[in-house]
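K.L.:
Structure in C-alpha cells, see below.
The values are calculated or read from the model by the stated rules, or taken from the named source; none is laboratory data. Predicted model, so just to flag it, every value in this text is computed and none were measured. Glycine also receives a Cβ, built like all others from the backbone with ideal geometry; neighbour counts cover every protein chain displayed.
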Amino acid sequence: MSLSDNMKPGEARCPGHPTTKELIGNDRGGAPKPLLEDSYEFLGDDDIPYERYTSEKFAKAEDERLWSRVWQWACREEHIPEPGDYYVYDIGDRSVLIVRTEDSEIKAYYNSCLHRGTQLKPANSSGFCNELKCPFHGWTWSLKGKLESLPCDWDFPHVKKEEFSLPEVKHAVWGGFIFINFDSDAKPLDEYLGVLPNHFKNWKLEDRYIETHVVKKLPANWKVSSEAFLEAYHVLETHSEGVYTAGDANADYDIFGDHISRFIHTIGYTSPHITENRPSEQEILDMLLGKRTDEGSGRVLPEGSTAREIYAEHVQGAMKEKYKQDFSNLTVTETIDSIEYFTFPNAFFFPGLQLSMVYRFRPNGVDGALFDLLFLRPKPIDGPCPPPPEPFHLEVDDSYTKCPGTEFLGAVYDQDTNNLLSQTKGFKSGFKKGQSLGNYQEARTRHFHQTVDKYLEENNG
Ligand code: FES
Ligand SMILES: [Fe+2]
C-alpha cells in the first residue's frame, strides 16, 4: 500500500521531509507572513491536450480573447524617465507606443498612424522624440496624442483634428512596471493582481533597477516555455547538479485566485531524492560556498546554526559589499530561496535578494516564444541609478552564458531550453495526446490552463 492510498487526490506531500513552509518557518528569525500562507486545492487530474500548444486555431483564439484582455507588463518606468522618452511593446501583431509626456505623465497609444496605418515607431524600439511624427507622410501628434499637423491639410477637410487624437491603450503601474491592457473595460490592475500588491508590500520592486536584461528566442510555445519555470519537479533530472543544495520534491506551491500562483523552493536543504549519505549541515554550507566538501569552506558552522542561516549571512554580506546597503533585516528565505510569483498570463516576479529575477514569455509564432529575463537589484541609496541596459539578444541556439551577468545561472537556463525543443517535437510525435500532471507539484501548470480557458470561454463583449 502506498502512502497516498488513504488520501484524497492532491493531499499527498513528499513523505519524510518537512514542507518548505515548515523549513522557512523554523529558520532563525522565521519567515514573512505571506510566505507562510497556504493556498492549494486539488484542481483535477485530466490530461492537458498537446494541441493547446501546437494548434494554430488555439493560438488564434488566445490572440483574440486572451492577449486582447489581460494585463501584461510592457516596460519599466525607468525605460521612459524623461518627457519625450518612448518605448514600443509588441505582443504578437499588437504594438503599443508608451510615451512620457511633458507633464511626466505616462501615455500608451496604439502604435499605428491614423492616416494609413504605418507604425509610428518601429517594433521593439525605444528612444526620444519631441513629437510623434509618422515616417510615411508626416502626420504629427503631440506627446499627449493630439493631432498637431498634417501636410496639405487642404486635401483633408474631413479630418477634424479634434477627432484624430491617438487612441489610447489602458495602462497602470505596479512595482515600477508599466502594465497595459487592450481592453478598455478591463478591471483595474490592482484588482487583477489579487494578493500580489499585498504580498510585495515589503519587497518594493520599484526600488530595484535592471542590472541585466536578456531577450532569448525559445523553440517552444509560450505556454510550454512558461511552464518550464512553474515547478521544481524537473530539478532532479534536468538540474541534477543542484540536488545536494536545493530542496525540490518538498517545494511548496500555492495558488491565489485566477491570476497569481507561487512556488517556494529552498536553497540549503538537500533534495529528498537523496536518501543515502545525506550531507551534513557543514557539508551543505561548504557546497553552497562553492568549495569541495573535502577541502572545506573555511567557515565552520556555529553550533545550533543551519547551513541556510550561515549561507544567508554570507549572501547578505556579499550583497552589502556590492550594493552598499544593509540587508540584515531580511529573513533567511528572502535572502537565498527561490521565491517565484507567477502573474497570469506571462510574468514571473522573484522578490528574493539573491534570486531576484523577472521573467516574461511572449508568443513568437505557435512553436516559439520570446523570453525576457531580467535581474533586478537594489537601487543605490545615494548616487545615480544605472540606466536600464540595452537587452542582450540571444538566438535559439545561443547559450545564456554568452550574456554578461548571467554566468551564475546561465548553464541552468540552458538546461531548461534543451527540454523545450524536445517537448515540442514530442507533442507532435507522441501516441499519447496530452500531458499527465502531478496533482501538487504541477498544479500551477494546470491552474495556468484553467485560467487560459476562462479567457477563451468568456464572451468578448
Ligand atoms: S501613414 Fe502616417 S502619415 Fe501617412
Ligand atoms: Fe529549470
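K.L.:
Residues in region 336-348: is at least one among the hydrophobic types (A, V, I, L, M, F, W, C), crowded, with 16+ Cβ neighbours inside 10 Å, touching a Pro at 6+ places or on another chain (Cβ under 6 Å) and within 26 Å of residue 207 (Cβ to Cβ)?
P.N.:
Here is the first cut: in region 336-348, the residues among the hydrophobic types (A, V, I, L, M, F, W, C) are 336, 339, 342, 344, 347-348.
If we keep only those that are crowded, with 16+ Cβ neighbours inside 10 Å too, we end up with 336, 339, 342, 344, 347-348.
Now drop any that are not touching a Pro at 6+ places or on another chain (Cβ under 6 Å), which leaves 339.
The next check asks that each one be within 26 Å of residue 207 (Cβ to Cβ); those that pass are 339.
Within region 336-348 (the criterion being among the hydrophobic types (A, V, I, L, M, F, W, C), crowded, with 16+ Cβ neighbours inside 10 Å, touching a Pro at 6+ places or on another chain (Cβ under 6 Å) and within 26 Å of residue 207 (Cβ to Cβ)), the answer is yes, since at least one residue qualifies.
K.L.:
Of the residues 253, 244, 233, which is modelled with pLDDT of 95 or more, among the aromatic types (Phe, Trp, Tyr) and over 16 Å from residue 437 (Cβ atoms)?
P.N.:
On the way: 253 fails: over 16 Å from residue 437 (Cβ atoms); 233 fails: over 16 Å from residue 437 (Cβ atoms).
After ruling out the rest, the residue left standing is 244.
K.L.:
Testing residue 167 on (1) within 16 Å of ligand 1 (Cβ to nearest atom); (2) touching a residue at least 60 places away in the same chain (Cβ under 8 Å), one condition comes back false. Which one is that?
P.N.:
Unmet condition: (2).
K.L.:
Still on this structure, I have one more. Scan the helices (runs of 4 or more DSSP H) fully inside region 231-333 and keep the ones with 3 or more residues being farther than 18 Å from residue 20 by Cα and away from ligand 1 (no atom under 16 Å from the Cβ). Talk me through it step by step, then tell me what you get.
P.N.:
Details: elements: 235-238, 281-288, 307-323.
Filter on region 231-333 gives 281-288, 307-323.
K.L.:
So for region 414-424 (the condition being touching a strand residue (DSSP E or B) at 6+ places or on another chain (Cβ under 8 Å), outside any loop (DSSP other than H, G, I, E, B) and away from ligand 1 (no atom under 16 Å from the Cβ)), does at least one residue qualify? Please lay out each step first, then the result.
P.N.:
From region 414-424, those touching a strand residue (DSSP E or B) at 6+ places or on another chain (Cβ under 8 Å) are 417, 420; that's our starting set.
Checking which are outside any loop (DSSP other than H, G, I, E, B) leaves us with 417, 420.
Now restrict to residues that are away from ligand 1 (no atom under 16 Å from the Cβ): 417, 420.
Scanning region 414-424 turns up at least one residue that is touching a strand residue (DSSP E or B) at 6+ places or on another chain (Cβ under 8 Å), outside any loop (DSSP other than H, G, I, E, B) and away from ligand 1 (no atom under 16 Å from the Cβ).
K.L.:
If I filter region 200-214 for residues that are within 16 Å of ligand 2 (Cβ to nearest atom) and closer than 16 Å to residue 347 by Cα, do I get at least one hit?
P.N.:
yes
K.L.:
Suppose we filter 125, 95 for residues that are away from ligand 2 (no atom under 16 Å from the Cβ) and under 20 Å from residue 387 (Cα atoms); which single one remains?
P.N.:
Details: 95 fails: under 20 Å from residue 387 (Cα atoms).
The match here is 125.
K.L.:
What are the residues in region 398-424 that are without any contact (Cβ under 8 Å) to a residue 40 or more places away in the chain, away from ligand 2 (no atom under 16 Å from the Cβ) and out of contact with any Ser or Thr (no Cβ under 9 Å at 6 or more places or on another chain), if any?
P.N.:
402
K.L.:
Here's something else I'd like to know. Restricting to region 107-122, what's the tally of residues that are surrounded by fewer than 17 Cβ atoms within 10 Å (Cβ to Cβ) and either under 16 Å from residue 145 (Cβ atoms) or within 16 Å of ligand 2 (Cβ to nearest atom) (or both)?
P.N.:
Filtering region 107-122 down to residues surrounded by fewer than 17 Cβ atoms within 10 Å (Cβ to Cβ) leaves 115-118, 122.
Among the residues that remain, those that are also either under 16 Å from residue 145 (Cβ atoms) or within 16 Å of ligand 2 (Cβ to nearest atom) (or both) are: 115.
Total meeting the criteria: 1.
K.L.:
Out of (1) closer than 30 Å to residue 196 by Cα; (2) over 39 Å from the mean Cα position of the chain (by Cα), what's the single condition that is false for residue 169?
P.N.:
(2)
K.L.:
Please tell me if residue 180 is aliphatic (A, V, I, L, M), more than 16 Å from ligand 2 (Cβ to nearest atom), touching a residue at least 24 places away in the same chain (Cβ under 8 Å) and in the same structural domain as residue 33 (by TED's automatic domain parsing).
P.N.:
It is false that residue 180 is aliphatic (A, V, I, L, M), more than 16 Å from ligand 2 (Cβ to nearest atom), touching a residue at least 24 places away in the same chain (Cβ under 8 Å) and in the same structural domain as residue 33 (by TED's automatic domain parsing).
K.L.:
Output the number of residues of region 171-200 satisfying the condition of being surrounded by fewer than 16 Cβ atoms within 10 Å (Cβ to Cβ) and aliphatic (A, V, I, L, M). Give the steps one after another, and end with the answer.
P.N.:
We begin by selecting, within region 171-200, every residue surrounded by fewer than 16 Cβ atoms within 10 Å (Cβ to Cβ); these are 173, 183-185, 187-188, 190-191, 197-198.
Imposing the further condition that a residue be aliphatic (A, V, I, L, M) reduces the set to 173.
Number satisfying all stated conditions: 1.
K.L.:
Which one is nearest to residue 184 (Cα to Cα), of the residues in region 406-461 that are hydrophobic (A, V, I, L, M, F, W, C) and more than 19 Å from the chain's Cα centre (by Cα)?
P.N.:
As a first pass, look at region 406-461 and keep what is hydrophobic (A, V, I, L, M, F, W, C): 408-409, 411-412, 420-421, 427, 431, 437, 443, 448, 452, 456.
Cutting the leftovers down to more than 19 Å from the chain's Cα centre (by Cα) gives us 421, 427, 431, 437, 456.
Values: 421: 37, 427: 36, 431: 43, 437: 36, 456: 18 Å.
This residue is 456.
K.L.:
Only one of 258, 248 is in contact (Cβ under 8 Å) with a residue 24 or more places away in the chain and within 11 Å of ligand 2 (Cβ to nearest atom); which? Outline the logic, then answer.
P.N.:
On the way: 258 fails: within 11 Å of ligand 2 (Cβ to nearest atom).
Of 258, 248, the one residue that is in contact (Cβ under 8 Å) with a residue 24 or more places away in the chain and within 11 Å of ligand 2 (Cβ to nearest atom) is 248.
K.L.:
Going through region 75-91 one residue at a time, which ones are over 14 Å from residue 179 (Cα atoms) and crowded, with 17+ Cβ neighbours inside 10 Å? Quick ask: steps written out before the conclusion?
P.N.:
First pass over region 75-91, keeping only residues over 14 Å from residue 179 (Cα atoms): 81-86.
85, 86, listed by residue number.
K.L.:
Now for a separate question. Can you name every residue in region 191-215 that is assigned to a helix (DSSP H, G or I) and either without any contact (Cβ under 8 Å) to a residue 12 or more places away in the chain or under 25 Å from residue 450 (Cα atoms) (or both)?
P.N.:
Those that are assigned to a helix (DSSP H, G or I) and either without any contact (Cβ under 8 Å) to a residue 12 or more places away in the chain or under 25 Å from residue 450 (Cα atoms) (or both): 191, 192, 196, 197, 198, 199.
Per-residue answers, yes or no, for (1) farther than 23 Å from residue 327 by Cα; (2) of a type outside the set (A, V, I, L, M, F, W, C):
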| residue | (1), (2) |
| --- | --- |
| 347 | yes, no |
| 409 | no, no |
| 422 | yes, yes |
| 427 | yes, no |
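K.L.:
Only one residue in 218, 230, 236 is farther than 29 Å from residue 404 by Cβ and either within 16 Å of ligand 2 (Cβ to nearest atom) or without any contact (Cβ under 8 Å) to a residue 60 or more places away in the chain (or both), so which one is that?
P.N.:
Numbers: 218 fails: farther than 29 Å from residue 404 by Cβ; 230 fails: farther than 29 Å from residue 404 by Cβ.
None of the others qualify; the one that does is 236.
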